[in-house]
Amino acid sequence: MKFFNREKEIKKILSILGEEPDDIYFIYGPINSGKTALINEVINKLDDKYVVFYINLRRYFISKYEDFIEVLFEEYEEDKDPIELVKSLVKDSSVLFGIPVPKNVLEVLLTKKEEKNVFRYITNILLELKKEGKNPIIILDELQKIGDLKINGFLIYELFNYFISLTKELHLSYVFCLSSDSLFIEKVYNEAMLNGRAKYLLVDDFDKETALKFIDFLAENILNKKLSNEEKELIYSYVGGKPVDIIYVIQELKIKNLKEILDYLLNDTTQKLSTFLEILNYSKPKIQIESETIELKKEEIIKALKLFKEKYEIDRKEIPTPVYMYLVKRNILFLDPINGTLRPQSFLIWNAIKRVI
């Protein structure tokens, strides 16, 4: 299916790639807002003067240093010089899913367990590509998965230091980090070492105008027909501008009635929220902030959710930090730390809150 919209975000990223690398870029947004689809669309628009190293941490369980290294690198059986290996691969494709490394070299990197050796290897690869007239781009999807991983210190800080070196100091490679974990983005945003060294790009759910156009686009491509204005308004009232939910509704319309589809989605979300609240009668929810473990009361959570009965978005200061952190962690609320706002992760959750609370 043809990619829809996001012209503004695509234009922004392409303009970044037209300048010298100088910042780390964090692409963030609600769950299923289309961050990965966006970055893949940008990749498809690049010419062969760019070489993309796309590393998706989403699909892997990462609990130790070796796990991270195995995900970071793409192992090859060829016993050849690493630089020659990369050059040969780049001739066939400008998108590589990991940093290429011969098997014998990877074994050494895993044995030494020193971040500087790993980063030195990557830098050498990037320098050689630069000599060949290529512009390297490193993309890390769902970076928060290594946020709490410790080696001698936290690996994430070593990685940030390295990215600063690549962008701000050497201007050697573009770096894009994607995450749907807004608590992780909040932590990154307030990290002193990244001040003046990082920028943030929100990939949000569609606004109403764009969502209605997206419904038209999907109806034409999937159903080969147009929906009435009343049908489009009804879809939006249930699922808002969440691309994945709109796609589901239109696809299901091939075999089901619209009201049946929407009621199923809302009932499903409502039952999950009800179960979440019911469990709070028998458990003591806790949230970790730095070294402190804070216990929450169900009444505090209910009070916070009630704020959304009349409003979709509020200032985060209206909810105590431990409470909003817990609700964000449970994927009920989305935090935009750059704008300082909180809202439900989706219209479906917002509608469920209005039903249950």
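The values are calculated or read from the model by the stated rules, or taken from the named source; none is laboratory data. As the structure is a prediction and not an experimental result, all values here were calculated from the model. FYI the Cβ positions are ideal-geometry reconstructions off the backbone, even for glycines, and counts take in every protein chain you see. Just the protein is used for accessible areas: all its heavy atoms, side chains included, with ligands, DNA and RNA removed. Shrake-Rupley method; radii C 1.70, N 1.55, O 1.52, S 1.80 Å.
What about residue 69, is it more than 23 Å from residue 130 (Cα to Cα), within 26 Å of the chain's Cα centre (by Cα), open to solvent by less than 20 Å² (accessible area, probe 1.4 Å) and free of Cβ contacts under 8 Å to residues at least 60 places away in the same chain?
For residue 69, the condition - more than 23 Å from residue 130 (Cα to Cα), within 26 Å of the chain's Cα centre (by Cα), open to solvent by less than 20 Å² (accessible area, probe 1.4 Å) and free of Cβ contacts under 8 Å to residues at least 60 places away in the same chain - is met.
Which residues, counting only those in region 83-130, are outside any helix (DSSP H, G or I) and at pLDDT 80 or above?
If the condition is that a residue be outside any helix (DSSP H, G or I) and at pLDDT 80 or above, then 93, 94, 95, 96, 97, 98, 99, 100, 101, 102 are the ones that fit.
Restricting region 243-255 to residues that are assigned to a helix (DSSP H, G or I) and open to solvent by 10 Å² or more (accessible area, probe 1.4 Å), which is nearest to residue 6 (Cα to Cα)? Working first, answer last.
Taking region 243-255 first, the residues assigned to a helix (DSSP H, G or I) are 243-252.
Going one step further and asking which of them are open to solvent by 10 Å² or more (accessible area, probe 1.4 Å), we end up with 243-245, 247-248, 251-252.
On the way: 243: 12, 244: 15, 245: 17, 247: 16, 248: 20, 251: 21, 252: 25 Å.
For region 243-255, the residue satisfying everything is 243.
List pairs: first residue in region 186-201 and assigned to a loop (DSSP other than H, G, I, E, B), second residue exposed (fewer than 15 other Cβ atoms within 10 Å of the Cβ) anywhere in the structure, Cβ distance under 6 angstrom, at least six positions apart or on different chains.
Every condition considered, no pair remains.
Taking residue 13, is it surrounded by 18 or more Cβ atoms within 10 Å (Cβ to Cβ), β-branched (Val, Ile, Thr) and in contact (Cβ under 8 Å) with a residue 24 or more places away in the chain?
So residue 13 fits the description; yes.
Would you point out which residue out of 305, 296, 262 is more than 26 Å from residue 145 (Cα to Cα), more than 26 Å from the chain's Cα centre (by Cα) and at pLDDT 95 or above?
That would be 262, the only listed residue that is more than 26 Å from residue 145 (Cα to Cα), more than 26 Å from the chain's Cα centre (by Cα) and at pLDDT 95 or above.
Can you tell me which residues in region 12-30 are charged (D, E, K, R) and under 19 Å from the mean Cα position of the chain (by Cα)?
If the condition is that a residue be charged (D, E, K, R) and under 19 Å from the mean Cα position of the chain (by Cα), then 12, 23 are the ones that fit.
Report yes if some residue within region 138-156 is modelled with pLDDT under 75 and in a strand (DSSP E or B); otherwise report no.
Yes, region 138-156 has at least one match.
Would you mind finding the one in 19, 74, 66 that is of a type in the set (Asp, Glu) and modelled with pLDDT under 85?
66
Run down 312, 326 and say which single residue is closer than 21 Å to residue 207 by Cα and not β-branched (Val, Ile, Thr).
312
Check residue 145 against each of (1) under 20 Å from residue 43 (Cβ atoms); (2) crowded, with 20+ Cβ neighbours inside 10 Å and name the one condition it does not meet.
Failing condition for residue 145: (1).
Tell me which residues, restricted to region 158-190, are open to solvent by 40 Å² or more (accessible area, probe 1.4 Å) and either among the polar types (S, T, N, Q) or farther than 17 Å from residue 139 by Cα (or both).
161, 169, 170, 187, 189, 190
Could you say which residue among 90, 101, 105, 51 is touching a helix residue (DSSP H, G or I) at 6+ places or on another chain (Cβ under 8 Å), without any contact (Cβ under 8 Å) to a residue 24 or more places away in the chain and of a type outside the set (S, T, N, Q)?
On the way: 90 fails: without any contact (Cβ under 8 Å) to a residue 24 or more places away in the chain; 101 fails: without any contact (Cβ under 8 Å) to a residue 24 or more places away in the chain; 51 fails: without any contact (Cβ under 8 Å) to a residue 24 or more places away in the chain.
That would be 105, the only listed residue that is touching a helix residue (DSSP H, G or I) at 6+ places or on another chain (Cβ under 8 Å), without any contact (Cβ under 8 Å) to a residue 24 or more places away in the chain and of a type outside the set (S, T, N, Q).
Spot the failing condition for residue 55; the list is (1) within 30 Å of residue 328 (Cα to Cα); (2) in contact with a Gly (Cβ under 8 Å, 6 or more places away or on another chain); (3) surrounded by fewer than 12 Cβ atoms within 10 Å (Cβ to Cβ), and only one is missed.
(3)
Filter region 220-242 for residues that are closer than 23 Å to residue 36 by Cα and open to solvent by less than 20 Å² (accessible area, probe 1.4 Å) and give the result.
239, 240, 241, 242
Report whether or not residue 196 is open to solvent by 40 Å² or more (accessible area, probe 1.4 Å), among the small types (Gly, Ala, Ser) and either in contact with a helix residue (DSSP H, G or I) (Cβ under 6 Å, 6 or more places away or on another chain) or closer than 26 Å to residue 136 by Cα (or both).
Numbers: open to solvent by 40 Å² or more (accessible area, probe 1.4 Å): yes; among the small types (Gly, Ala, Ser): yes; either in contact with a helix residue (DSSP H, G or I) (Cβ under 6 Å, 6 or more places away or on another chain) or closer than 26 Å to residue 136 by Cα (or both): yes.
Yes.
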